[in-house]
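Written out below as structure tokens is the structure these notes cover.
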Amino acid sequence: MQDYTEWMKSIAVVAMPGCSYELNSQSFDPKSSTAVFVGTFRGTHTGHLDGLPAPTQKSMETHYVYSMHVNSEGKVDKITKVWHSAWAAAQVGWV
């Protein structure tokens, strides 16, 4: 989880400064202790980040879903992200 959050921070601060997201929907099911978030991420690749191609100046608009399970202590113990990463990467010319 820490690696993922650091990677996302690098994307947001370095590769796509000024990027944004819109939270489209959220829900919580107490029976299954599961929260679901649906969002849209928007960004333009303008910054250099090791591991990515040179800035392409191309933009992406991509949808994603997070499903998070909350344990009996009220802490998230499992996260699943549903996202078509190859399609998003193609929008900004990374593949």
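The values are calculated or read from the model by the stated rules, or taken from the named source; none is laboratory data. What you are looking at is a predicted structure, and each value in this text was computed from that prediction instead of being measured. As a convention, Cβ positions derive from the backbone with ideal geometry for all residues, glycine included, and neighbour counts pool all protein chains shown.
Take segment 38-59 and flag every residue that is of a type in the set (A, V, I, L, M) and over 12 Å from the mean Cα position of the chain (by Cα).
Of the residues in segment 38-59, the ones of a type in the set (A, V, I, L, M) are 38, 49, 52, 54.
Of everything in segment 38-59, those that are of a type in the set (A, V, I, L, M) and over 12 Å from the mean Cα position of the chain (by Cα) turn out to be LEU49, LEU52, ALA54.
With the requirement that a residue be surrounded by fewer than 11 Cβ atoms within 10 Å (Cβ to Cβ) and either at pLDDT 95 or above or charged (D, E, K, R) (or both), what does segment 51-62 give you? Break it down into steps so the answer makes sense when it comes.
The first filter runs over segment 51-62 and keeps only residues surrounded by fewer than 11 Cβ atoms within 10 Å (Cβ to Cβ), leaving 51, 54, 57.
Answer for segment 51-62, where residues must be surrounded by fewer than 11 Cβ atoms within 10 Å (Cβ to Cβ) and either at pLDDT 95 or above or charged (D, E, K, R) (or both): ALA54, GLN57.
Considering only segment 1-18, I want to know if a residue exists there that is touching a residue at least 60 places away in the same chain (Cβ under 8 Å), more than 11 Å from the chain's Cα centre (by Cα) and either closer than 14 Å to TRP94 by Cα or surrounded by fewer than 14 Cβ atoms within 10 Å (Cβ to Cβ) (or both). Yes, segment 1-18 contains a residue that is touching a residue at least 60 places away in the same chain (Cβ under 8 Å), more than 11 Å from the chain's Cα centre (by Cα) and either closer than 14 Å to TRP94 by Cα or surrounded by fewer than 14 Cβ atoms within 10 Å (Cβ to Cβ) (or both). Listed by first and then second residue, the pairs with beta-carbon distance under 6 Å, at least 6 apart or on different chains, first residue in segment 21-50 and surrounded by fewer than 11 Cβ atoms within 10 Å (Cβ to Cβ), second hydrophobic (A, V, I, L, M, F, W, C), are SER25/VAL38; SER27/VAL36.
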